[in-house]
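Asker: First the structure, then my questions, so here it is.
The values are calculated or read from the model by the stated rules, or taken from the named source; none is laboratory data. The model shown is predicted, which means the values in this text are computed figures rather than measured ones. As a convention, Cβ positions derive from the backbone with ideal geometry for all residues, glycine included, and neighbour counts pool all protein chains shown. Just the protein is used for accessible areas: all its heavy atoms, side chains included, with ligands, DNA and RNA removed. Shrake-Rupley method; radii C 1.70, N 1.55, O 1.52, S 1.80 Å.
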Amino acid sequence: MIRLEQITLREIRLPLREPFRTSFGSVSERRIALLELRDTDGVTAWSEGVALDAPNYSAEALDTAWFAMTEWVAPRVLGREFTHPRDVYPVLEQDFRGNWMAKAAIEMGMWVLEATRQGIPLATLLGGTRSEVATGISLGIQLTPEALVEKARAAVAQGYRKVKIKIEPGRDVAYVRAVREALGPDAPLMADANNAYLLSDADRLAELDDLGLLMIEQPLAWDDIVQHASLQKRLRTPICLDESITSVDKARDMVTLDAGRIINIKPGRVGGFASSLAIHEYCLAQQVPVWCGGMLESGIGRACNVALASLPGFTKPGDLSPSARYWARDIVTPEWTMSSDGMVRVPLDRPGLGVTVDTDFVDTLTVRQVVLR
Ligand SMILES: [Mg+2]
């Protein structure tokens, strides 16, 4: 039985080592919502909201998620008895549309709290079966193909198991081709367009078919499934959906319409772990590979993603880069690291998140805080 007594919600600002550019913009400092949940027995757990600064990935942004958490999510969960964290998601979904990132921040915190209470790793509570997970790197849009090639070469040398190239119209085929020629036919490459194309660009996107990509991620609109089905008919490269998949129902729609053949599961995007597990289970039954994407999380969000990626259906490398890829200093110890062959260890020897939050450092980064009871 879990009963939440208090949630401390804060906003921190964590500077990125280098700006990260996608088709929807560039970010140089990450505003992150962090939560510390405390139950009536005094057990605490940290979690992280993944909403970005602006509503340019999904309809949510940090400030709208902050409002949703304080006004609607926290009041549904605080003081209520739950026998298991899987029971939180249905309570949050009842007559409460969307706002999945706000819901996920608290829902995932409840899973971390339960794992901590039981003294078991989060990965174990979720049903994870791996002790290490393969990671790829996500490379932001570069100014020239040469600059991109240099980054991709460095990534492969570091051991990354997959290189994801962010693309946009004008910085696509020539850029991906340059990387393919530099790294050879066997390098595991993929592209992510973050909704930058229209169905009328299908011929352009089909030029990527000759470049042997593992997949092309979310080329069309952020909430579209039907047009992706039309596009998939014209591509040999499998489409992977990211933004469009917000629930297991959307995953079913994708499979039914053959709108994509791979899913990038981000627990924050789909309302948390229970929804992620439902999508994972469905995809496993349908033999649709899944992998865990990233939202420029701190080490807290990374812990959640690594735990999820240890489940058996996560058969493609995730975007689970080590802390040093993004941050001069992460907010957890130990920081997340990767082996020379691109593997991240699942911390199965420690309960809960498996890392310790550096609360002194978090205090120095905090720009606002509210305590909800
Ligand atoms: Mg994506």
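Asker: Among the residues in region 313-321, are any more than 24 Å from ILE263 (Cβ to Cβ) and either open to solvent by less than 10 Å² (accessible area, probe 1.4 Å) or of a type in the set (Asp, Glu) (or both)?
Answerer: No: zero hits.
Asker: In addition: Just checking, which of ALA324, ALA328, ALA309 is crowded, with 24+ Cβ neighbours inside 10 Å and on the phi < 0 side of the Ramachandran plot? Steps first, please.
Answerer: Details: ALA324 fails: crowded, with 24+ Cβ neighbours inside 10 Å; ALA328 fails: crowded, with 24+ Cβ neighbours inside 10 Å.
So the residue among ALA324, ALA328, ALA309 that is crowded, with 24+ Cβ neighbours inside 10 Å and on the phi < 0 side of the Ramachandran plot is ALA309.
Asker: Being at positive phi and modelled with pLDDT of 95 or more, is that true of even one residue in region 139-157? Steps first, answer last, please.
Answerer: As a first pass, look at region 139-157 and keep what is at positive phi: none.
No: region 139-157 contains no residue that is at positive phi and modelled with pLDDT of 95 or more.
Yes/no per residue for (1) outside the structural domain of ASP249 (by TED's automatic domain parsing); (2) in contact with a strand residue (DSSP E or B) (Cβ under 8 Å, 6 or more places away or on another chain); (3) basic (Lys, Arg); (4) at positive phi:
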{"position": "PRO169", "(1), (2), (3), (4)": "no, no, no, no"}
{"position": "ARG177", "(1), (2), (3), (4)": "no, no, yes, no"}
{"position": "ALA193", "(1), (2), (3), (4)": "no, yes, no, no"}
{"position": "LEU199", "(1), (2), (3), (4)": "no, no, no, no"}
{"position": "LEU205", "(1), (2), (3), (4)": "no, yes, no, no"}
{"position": "LEU208", "(1), (2), (3), (4)": "no, yes, no, no"}
{"position": "ILE216", "(1), (2), (3), (4)": "no, yes, no, no"}
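Asker: Looking at GLU181, GLU168, which one is within 16 Å of the ligand (Cβ to nearest atom) and open to solvent by 10 Å² or more (accessible area, probe 1.4 Å)?
Answerer: Only one candidate qualifies: GLU168.
Asker: I need a count of the residues in region 111-136 that are open to solvent by less than 10 Å² (accessible area, probe 1.4 Å) and over 30 Å from ARG3 (Cβ atoms).
Answerer: Qualifying residue count for the region: 3.
Asker: Mind listing whichever residues of region 270-294 are within 16 Å of the ligand (Cβ to nearest atom) and open to solvent by less than 10 Å² (accessible area, probe 1.4 Å)?
Answerer: If the condition is that a residue be within 16 Å of the ligand (Cβ to nearest atom) and open to solvent by less than 10 Å² (accessible area, probe 1.4 Å), then VAL270, SER276, ILE279, VAL290, TRP291, CYS292, GLY293 are the ones that fit.
Asker: Scan region 88-122 residue by residue and report those that are of a type outside the set (Lys, Arg), out of contact with any helix residue (DSSP H, G or I) (no Cβ under 6 Å at 6 or more places or on another chain) and outside any helix (DSSP H, G or I).
Answerer: Matches in region 88-122: GLN94, ASP95, PHE96, GLY98, GLY119, ILE120, PRO121.
Asker: Just one of THR64, THR44, THR22, THR83 is at pLDDT below 95 and among the β-branched types (Val, Ile, Thr); which is it?
Answerer: None of the others qualify; the one that does is THR22.
Asker: Could you give me the residue pairs with C-beta distances under 6 Å whose first residue belongs to region 51-77 and is farther than 18 Å from ASP242 by Cβ, whose second residue is modelled with pLDDT of 95 or more and of a type in the set (Val, Ile, Thr) wherever it lies, and which are 6+ apart or on separate chains?
Answerer: Qualifying pairs under 6 Å: VAL73/ILE106; ALA74/ILE7; ARG76/VAL91; VAL77/ILE106.
Asker: With (1) within 22 Å of the chain's Cα centre (by Cα); (2) open to solvent by less than 40 Å² (accessible area, probe 1.4 Å) as the list, and PHE82 as the residue in question, which single condition is left unmet?
Answerer: (1)
Matching residues to (1) of a type in the set (Lys, Arg); (2) touching a residue at least 60 places away in the same chain (Cβ under 8 Å); (3) open to solvent by 70 Å² or more (accessible area, probe 1.4 Å):
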{"residue": "ARG17", "(1), (2), (3)": "yes, yes, yes"}
{"residue": "ARG38", "(1), (2), (3)": "yes, no, yes"}
{"residue": "GLY42", "(1), (2), (3)": "no, no, no"}
{"residue": "GLY49", "(1), (2), (3)": "no, yes, no"}
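Asker: Where the second residue is within 12 Å of the ligand (Cβ to nearest atom) and acidic (Asp, Glu) and the first is more than 15 Å from LEU199 (Cα to Cα) and lies in region 231-244, which pairs have Cβ atoms under 7 Å and are six or more apart or on separate chains?
Answerer: Going by the 7 Å Cβ cut-off, the qualifying pairs are CYS240/GLU217; ASP242/GLU217.
Asker: Pairs please, first residue from region 89-101 and over 14 Å from MET69 (Cβ atoms), second anywhere and part of a helix (DSSP H, G or I), Cβ atoms under 7 Å, 6+ apart in sequence or on different chains.
Answerer: TYR89/GLU107; TYR89/ALA274; TYR89/SER275; VAL91/ARG76
Asker: Those residues that are in a helix (DSSP H, G or I) and either open to solvent by 30 Å² or more (accessible area, probe 1.4 Å) or out of contact with any Phe, Trp or Tyr (no Cβ under 8 Å at 6 or more places or on another chain) (or both), I need them from region 147-165; list them, please.
Answerer: Across region 147-165, the qualifying residues are ALA147, VAL149, GLU150, LYS151, ALA152, ARG153, ALA154, ALA155, VAL156, ALA157, GLN158.
Asker: Something else: In region 185-240, which residue that is part of a helix (DSSP H, G or I) and under 18 Å from GLY136 (Cβ atoms) is nearest to the ligand (Cβ to nearest atom)?
Answerer: Keep residues of region 185-240 that are part of a helix (DSSP H, G or I), which gives 199-211, 226-233.
Retained after the next criterion (residues that are under 18 Å from GLY136 (Cβ atoms)): 208, 211.
Values: LEU208: 16, LEU211: 18 Å.
It comes out as LEU208.
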